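Report on the following structure.
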Amino acid sequence: MLPLARMEKVIIVGSGCAGLTAAIYAARANLSPLVLEGGQPGGQLSTTTMVENFPGFPEGIDGPQLIMNMHKQAENFGARFSYAVATDLEFAGDHVRLKADDEWLETQALIIASGASARWLGLENEEKLIGHGLTSCATCDGAFYRNVPVCVVGGGDSAAEEALFLTRFASKVYLIHRRDQLRASKIMADRVLACEKIEPIWNSVVLKYIPDEKGEMTAVELRNVVTKEERILPVACVFVAIGHDPNTQAFAGKLETDPDGYLIVRHLAESKHPGIFIAGDVADRVYRQAVTAAGSGCAAAIEAEKYLSGL
Ligand code: NAP
């Protein structure tokens, strides 16, 4: 546990692309930032496969490797890391008090880069089935499902990426999408549609998960939203890839959010509160790219540095 009441100069909440970029910049500015890594250290890139669109890697780079590189880079410049999760926030004059696990910390500047978390379908038995044939991470769990049929739910880049990755293991990958065309970028959509092992199931939603008596997934019940036809599709695992929600629970009622919970950025990376800066997917419902998250992490650290030096 970190010592209580030590005044930090900069605390960064989150250790994804935005938080780690902020950490690199703040550490290089000799601010010795403390990074609270949170519930999913490394953020969304830690569970992704190949990142092909982060500039500087013409052959692409593995998501977890990219994150490890950023972590090391921040550490080399003097960033400090804790696995603590931020759970609450209070204003204390010029400073901010932040609850990290059970301990209150105080900081002159706070950078919130807590990212976003995978969304679930909200069906019966969902929580119980997670880890028993229901997951949101193909990279983590795909290899457990060799030579069996699986399905991916969603039609965006995440769903496309998961489906393509799963073709390495599964006998068949059904892509269940509620509309008749993918939202994914053209290059990803083309790859999915050209892949023989992937069978799109259009205009369809999952009504029910069907587990066996041991609580392991065996099938899903589907409904075609156009024809209203219902059917059972046997699958050993369901990979849910329907987007993300911003991780702002710790700041509920304390910081400005839009109706969906995304933090509101006033100007560049600044919030309405002096000393609090915001970066990455926690405030971004538009771009949500590793490179835009990194860019906003950089801006947040530069703004925090200016704020601390009274500029
Ligand atoms: P997304 O683009 O928001 O797509 C979510 C998909 O899930 C949509 O197709 C949506 O359907 C569907 N969906 C949402 N709620 C649903 C529900 N309750 N039931 C059934 N389907 C539901 O999310 P994402 O794919 O996670 O991508 C997020 C961002 O990250 C995007 O900007 C994407 O480009 C980026 N990303 C990039 C890469 C890459 O470049 N390698 C990889 C992954 C993600 P509708 O289409 O009907 O809305």
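The values are calculated or read from the model by the stated rules, or taken from the named source; none is laboratory data. Worth saying up front: this structure is predicted, and the values here are computed from it rather than measured. Backbone-built Cβ (ideal geometry, glycine too); neighbour counts: all protein chains shown. In case anyone asks, the SASA skips ligands and DNA or RNA and just uses the protein heavy atoms, side chains included. Shrake-Rupley method; radii C 1.70, N 1.55, O 1.52, S 1.80 Å.
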Query raised in the report: For the chain, what's the relative contact order in percent, using C-alpha pairs closer than 8 Å and at least 6 residues apart?
Result: 21 percent
Report task. Using the heavy atoms of the protein chains and a 1.4 angstrom probe, tell me the accessible area per residue for segment 28-97 in square angstrom. Result -> 54 Å²
Requested in this report: Straight distance only, please: which lysines reach the Cα of Lys254 with their own Cα at less than 23 Å, same-chain residues fewer than 8 apart left out?
Outcome: Lys9, Lys99, Lys272
Query raised in the report: Excluding Arg191 itself, what net charge comes from residues whose Cβ is under 14 Å from its Cβ, given Lys and Arg +1 and Asp and Glu -1?
Result: -3
**Report entry** Partnerless Cys - the chain, beta-carbon criterion under 4.7 Å
**Finding:** Cys17, Cys151, Cys195, Cys237, Cys298
Query raised in the report: Taking K and R as +1 and D and E as -1, what net charge do the other residues with C-beta under 12 Å from the C-beta of Trp104 add up to?
Result: -4
Query - 22 Å Cα cut-off, lysine pairs counted over segment 120-240 (separation 8 or more, or different chains) - result: 6
Requested in this report: Please report, in debye to the nearest 20, how large the charge dipole of the chain is about its Cα centre when each Lys and Arg carries +1 at its beta carbon and each Asp and Glu carries -1 there.
Outcome: 420 debye
Requested in this report: For segment 134-166 and segment 247-288, write down the distance between their C-alpha centroids in whole Å.
Outcome: 30 Å
Requested in this report: Rounded, prolate or oblate: pick one for segment 120-240, where a ≥ b ≥ c are the square roots of the eigenvalues of its C-alpha gyration tensor, a/c under 1.5 means rounded, and failing that, prolate if a/b is larger than b/c, else oblate.
Outcome: oblate
Query - Residue-normalised accessible area of segment 120-240, expressed per residue, 1.4 Å probe, Å² - result: 52 Å²
**Report entry** Surface share of carbon and sulfur [accessible, 1.4 angstrom probe, percent] for the chain
**Finding:** 51 percent
